[in-house]
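K.L.:
The following block contains the structure, expressed as structure tokens.
Every number in this text was worked out from the coordinates using simple rules, so none of it is lab data. None of the values given here were measured: they were computed from a predicted structure. Cβ placement follows ideal geometry from the backbone for every residue including glycine, while neighbour counts extend to all protein chains displayed.
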Amino acid sequence: MKNAKVLHWLSVGIVFLFLSCSSSGDSSADNDTFTATDTTTDTVTDKFTVTDTDTDTDTDTDTDTAKDTATVTDTVTASDTASDTDLGCIPNDGIVCCDNTTCGNDQWCQNGKCVGAWTDQKTGLMWQDPPETKLMGWQQAMDYCNNLSLDGHDDWRLPTISELRSLIRDCDKTVKGGECGVEDDCLSSDSCWDGYVCNGCGYLGGSGDGGYYLPAGLNKGHGDESLYFWSSLSVSGHSDYAWVVGFDRGNVYENSKGSHNNSRCVRSVSP
């Protein structure tokens with residue numbers, strides 16, 4: 001009986017010890033769970049920090065690139081403007097000049113162009129030099145010369161055919177007084193003009209400016225010099241045609257007054 005009681009209390013003690021151990025194990029499990037949760041939270045926070053860093057880097061890079069591109073564009077524009085300004089003036093271009101120092105001998109700057117006059121010592125005629133660059137019809141050329149004010153003179157006019165021929169050099173057939181019969185007193189294309197002699201000489205075979213059949217020192221001009229120069233005289237019997245001279249060949253010809261040709265004005269110099 002006594003042994004039975006001992007066994008009974010021994011059993012109760014074992015059960016109590018087992019329950020105590022179980023309770024202690026549960027508490028340890030709870031503590032481990034809290035620790036895992038804290039670790040997870042810390043990891044998530046670190047990831048957000050990395051995302052902020054990427055965003056700042058992208059924004060700064062895009063902004064800097066745009067500013068650099070704008071700066072390069074401004075620099076190129078400034079250089080182009082400076083180059084255009086520094087080109088200066090080209091003497092005798094017939095279009096633009098800055099002052100008298102950019103023009104040739106016996107020329108000056110007038111209304112943005114190099115203009116002047118050349119006097120032929122053989123005839124005493126004063127010629128516009130260089131000639132007008134704008135191509136004109138016959139009547140327009142007549143009006144232009146009649147209204148020209150140059151070198152302090154306003155008595156300029158379109159030359160006669162004999163005066164225009166007096167400028168031809170190096171072509172014996174068409175110089176003034178040569179075989180070609182077209183003169184101020186002979187204006188008929190039927191009886192005065194002969195194609196064999198009035199057609200002039202070889203192309204650009206003269207000793208003048210650029211190979212033209214012109215006096216030395218006279219500017220050939222800056223228009224279309226391959227076209228004729230107007231005279232003031234009409235072809236007899238053909239009032240819609242006028243006599244012209246081509247200085248690239250030294251030829252004398254007739255041309256419709258509706259055509260557009262070169263003009264060089266002249267004036268008589270008082271003795």
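K.L.:
What is the sum of charges around I161, taking Lys and Arg as +1, Asp and Glu as -1, for the other residues whose C-beta is under 12 Å from the C-beta of I161?
P.N.:
Neighbourhood net charge equals -3.
K.L.:
All other residues with a Cβ under 14 Å from the Cβ of G177 taken together, and with Lys, Arg as +1 and Asp, Glu as -1, what is their net charge? Can you show the working numbers first?
P.N.:
Details: positive: K122, R165, R169, K173, K176; negative: E163, D172, E179, E183, D184, D185.
My count for the surroundings of G177 gives -1.
K.L.:
Order by neighbour count: L148, L227, fewest other Cβ atoms within 10 Å first, most last.
P.N.:
Least crowded to most crowded, the residues run L227, L148.
K.L.:
Follow-up. Please arrange K122, K173, K220 by counting, for each residue, the other beta carbons lying within 10 Å of its beta carbon, fewest first. Intermediate values should be presented prior to the final figure.
P.N.:
Values: K122 10, K173 18, K220 21.
Taking fewest neighbouring Cβ atoms as first place, the list is K122, K173, K220.
K.L.:
A follow-up question, please. Output the relative contact order of segment 116-268, whole-number percent, from Cα pairs under 8 angstrom with separation of 6+ residues.
P.N.:
32
K.L.:
Now, a different point. Can you give me the relative contact order of segment 117-186 as a percent, contacts being Cα pairs under 8 Å and 6 or more apart?
P.N.:
Relative contact order comes out at 17 percent.
K.L.:
Quick one: if you stick a label point 7 Å off each Cα along the C-beta vector at D194 and N146, how many nm between them?
P.N.:
With each label point 7 Å from Cα toward Cβ, the separation is 3.6 nm.
K.L.:
Could you compute the net charge surrounding Y203? Neighbours are other residues with a C-beta less than 9 Å from the C-beta of Y203; K and R count +1, D and E count -1.
P.N.:
Charge balance near Y203 sits at 0.
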